[in-house]
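Engineer: Just dropping this structure here.
Rule-based calculations on the coordinates, nothing more; no lab input. Source: prediction; values computed, not measured. Cβ coordinates were reconstructed from backbone atoms using ideal geometry, including for glycine residues, and neighbour counts include every protein chain displayed.
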């Protein structure tokens with residue numbers, strides 16, 4: 001019953017360690033609103049969208065919006081990632097070939 | 001699906017890590033939850049072993065993360081607490097998967113967020129929080145050669161401006177809204193915390209000749225698709241400044257959503273705790289910024305006390321407890337020194353948006369007389385952030401009591417909201 005959880009949590013602890021050992025950060029490409037963007041590993045999707053000059057979402061009255069709080073509170077950074085809508089992009093790391101779309 | 005722990009700690013910042021580590025070292029089964037992808041909270045965000053030593057807070061980080069990883073504590077990252085479906089349970093969610101966790105004791109260490117004060121243009125892309133910009137830079141945003149105005153209030157102003165300058169940003173100016181007279185009085189009281197004074201002086205040195213102007217604040221941001229210039233004032237004259245980014249936040253406020261959800265008593269904007277950190281709810285402790293904005297030292301101390309309390313180690317608790325009063329007094333002095341000035345209540349124009357989720361303007365809110373009415377009539381606070389940003393803003397602007405929220409405390413999948421709780425009998429211990 002706890003097997004899955006233990007796997008998941010030990011992976012998290014491992015990741016915590018392995019991150020501390022990485023000196024060189026690799027880079028790769030993601031897609032933001034159809035344009036290719038090179039980002040380094042450990043870049044959040046929110047940071048990538050700012051660097052791409054793209055808003056994360058349009059507000060209910062149509063204003064472009066970008067991240068405000070950077071820490072998962074304000075939800076201004078919601079965007080569609082790999083087809084999944086309303087994700088908090090400041091809490092999400094880029095992975096190669098990710099498709100990010102303003103919503 | 002459920003799991004059972006002696007202690008569940010929510011929030012893996014310094015306080016939560018210390019509490020979880022101490023409890024796990026005492027032999028308890030502990031689960032440390034955080035909605036971020038890695039532990040560390042805000043102050044240790046993005047720290048790494050090989051570079052941490054350069055940082056002022058690096059030693060504490062190395063000490064505690066080492067102890068945490070040696071302990072048997074389970075660390076669940078990326079999990080968000082969304083509900084409290086019945087006594088002794090928390091419901092957590094990650095990527096539309098949810099679980100119920102049974103706890104005997106709960107330690108809340110949910111930290112703080114920035115206070116935002118609405119001003120014309122604050123919704124433009126390029127206007128971020130102060131800690132917000134710092135968090136984004138730690139998450140890979142490159143500030144090199146960007147012209148940045150740093151504004152708002154609080155000790156974070158200098159620290160964050162120094163970090164941004166370190167990363168190659170062109171800091172144009174730092175505007176602290178608190179008047180110099182208040183800061184001087186605060187500076188004198190810092191004599192009992194010499195470490196803090198030295199920390200401040202170090203940041204100042206790093207910033208070279210960037211102007212740090214007290215009694216000044218940003219009144220408005222302008223630009224077509226993003227911020228292009230800001231206007232600042234000292235209360236007598238106003239001036240414009242071209243910039244790429246404005247980082248603006250007014251000190252910090254505690255994240256009280258979970259303490260409220262669990263029914264902890266709140267007094268003067270913070271969770272009430274007894275001298276040993278125990279909240280008004282019998283098996284719940286609240287630590288760190290929840291009991292007063294006092295930073296990492298206070299959080300670590302309260303975390304250790306809460307960890308020992310969970311393990312029933314009275315003697316260790318009593319050794320540490322005398323330090324608490326001094327830290328909590330420091331927190332109250334910070335609040336006083338950096339309290340937002342009255343002029344900030346008059347920055348918003350009638351058409352300035354106060355609720356960013358539902359685009360509710362200042363003019364619409366002026367017609368309302370309470371937070372409840374604003375929700376019902378104008379949909380203020382009914383959007384995705386559930387009033388986290390505008391609730392704090394309207395508390396300041398209109399003196400409304402932001403009554404908190406109902407579960408789910410974060411937008412959650414319908415399946416996670418509707419699911420029944422596993423009955424305690426079905427939970428295997």
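Engineer: Provide the gained length on full extension for the span residue B:209 to residue B:56, in nm with one decimal, where the gain is 0.36 nm per separating residue minus the Cα-Cα distance.
Structural biologist: 52.9 nm
Engineer: Taking the simple approach of a point 7 Å from Cα along Cα-to-Cβ for both residue B:370 and residue A:26, what is their distance in nm?
Structural biologist: 5.7 nm
Engineer: To continue, here is another question. Classify the range B:116-250: rounded, prolate or oblate, from the alpha-carbon gyration tensor (a ≥ b ≥ c, eigenvalue square roots; a/c under 1.5 rounded; otherwise prolate if a/b is larger than b/c)?
Structural biologist: oblate
Engineer: Roughly how many nanometres apart are two label points built 7 Å out from the Cα toward the Cβ at residue B:241 and residue B:377?
Structural biologist: 3.8 nm
Engineer: Also, quick follow-up: Using only the Cα atoms of the range B:221-260, build the gyration tensor, take square roots of its eigenvalues as a ≥ b ≥ c, and label the shape rounded, prolate or oblate: rounded if a/c is under 1.5, else prolate if a/b is larger than b/c, else oblate.
Structural biologist: Note, shape of the range B:221-260 comes out oblate.
Engineer: I'd like the orientation of helix B:58-70 relative to chain B: the angle between its Cα long axis and the longest Cα principal axis, in ° from 0 to 90, rounded to 10.
Structural biologist: The two axes meet at around 20 degrees.
Engineer: Quantify how strongly other chains surround peptide A:37-46 by giving the mean number of their Cβ atoms within 10 Å of each of its Cβ atoms.
Structural biologist: The mean count of partner-chain Cβ atoms within 10 Å per residue comes to 3.
Engineer: Please average, across the residues of B:73-81, the number of beta carbons from any other chain that are within 10 Å of each residue's own beta carbon, and give a whole number. Each step should come with its number before you reach the end.
Structural biologist: Details: counts 2, 8, 6, 5, 7, 4, 3, 3, 0.
Per residue, the average neighbour count from other chains is 4.
Engineer: While we're looking at this one, here's another question. State the extension gain, in nm to one decimal, for the chain segment bounded by residue B:274 and residue B:401, taking 0.36 nm per residue of separation less the distance between their alpha-carbons.
Structural biologist: Gain on stretching residue B:274 to residue B:401: 43.3 nm.
Engineer: Round to the nearest 0.05 the FRET efficiency obtained for residue B:229 and residue B:96 when R0 = 35 Å and r is the Cβ-Cβ distance. If you can, show how the numbers build up before the last one.
Structural biologist: Working: r = 42 Å, r/R0 = 1.20.
The pair residue B:229/residue B:96 has a calculated efficiency of 0.25.
Engineer: Let me ask you something else. Let's test the formula: R0 of 56 Å, r as the Cβ-Cβ distance of residue B:63 and residue B:349. What FRET efficiency results, to the nearest 0.05?
Structural biologist: Calculated transfer efficiency: 0.70.
Engineer: Given the options B:63, B:251, B:84, state which has the largest fluctuation in a GNM of chain B using a 10 Å cut-off (strictly under) for Cα springs.
Structural biologist: B:63
Engineer: Using a 10 Å cut-off around each Cβ, can you sort B:380, B:368 from fewest to most neighbouring Cβ atoms?
Structural biologist: Final ranking by Cβ density, sparse to dense: B:368, B:380.
Engineer: Hey, what angle do you get for helix B:194-206 against the long axis of chain B, alpha-carbon based, 0 to 90 degrees rounded to 10?
Structural biologist: 50 degrees
Engineer: When a footprinting reagent is the concern and you count Cβ atoms within 10 Å, what order do B:415, B:280 take, fewest first?
Structural biologist: On the way: B:415 11, B:280 17.
Ascending number of Cβ neighbours within 10 Å: B:415, B:280.
Engineer: Could you tell me how many degrees, from 0 to 90 and to the nearest 10, lie between the Cα long axis of helix B:322-337 and the main elongation axis, the longest principal axis, of the Cα atoms of chain B?
Structural biologist: On a 0 to 90 degree scale, this one is about 30.
Engineer: If you don't mind, there's one more thing I want to ask. Applying a 10 Å radius around every beta-carbon, put B:308-318, B:47-57, B:139-149 in order of their mean neighbour count, most first.
Structural biologist: Ranked from most to least packed, the peptides come out as B:139-149, B:308-318, B:47-57.
Engineer: Determine the percent antiparallel among the DSSP beta bridges restricted to the protein assembly as shown, to the nearest 5. Intermediate values should be presented prior to the final figure.
Structural biologist: On the way: 41 of 79 bridges.
About 50 percent, rounded to the nearest 5.
Engineer: Within 10 Å of each Cβ of A:58-67, how many other protein chain Cβ atoms are there on average? Kindly include the intermediate steps, with their values, before the conclusion.
Structural biologist: Working: counts 0, 7, 8, 5, 1, 7, 5, 5, 9, 9.
Averaged over the peptide's residues, the number is 6.
Engineer: If you don't mind, there's one more thing I want to ask. Give me the one-decimal nm value for the distance between modelled label points at residue A:61 and residue B:142, 7 Å along each residue's Cα-to-Cβ direction.
Structural biologist: Going from the residue A:61 label point to the residue B:142 one covers 3.6 nm.
Engineer: Using all alpha carbons of chain B, what is the percent of pairwise distances in each 20 Å bin, ordered from the shortest bin to the longest?
Structural biologist: 25, 58, 17, 0
Engineer: Okay, moving on. Rounded, prolate or oblate, given the Cα gyration tensor of the protein assembly as shown, with a/c below 1.5 counting as rounded?
Structural biologist: Rounded, since a/c falls under 1.5.
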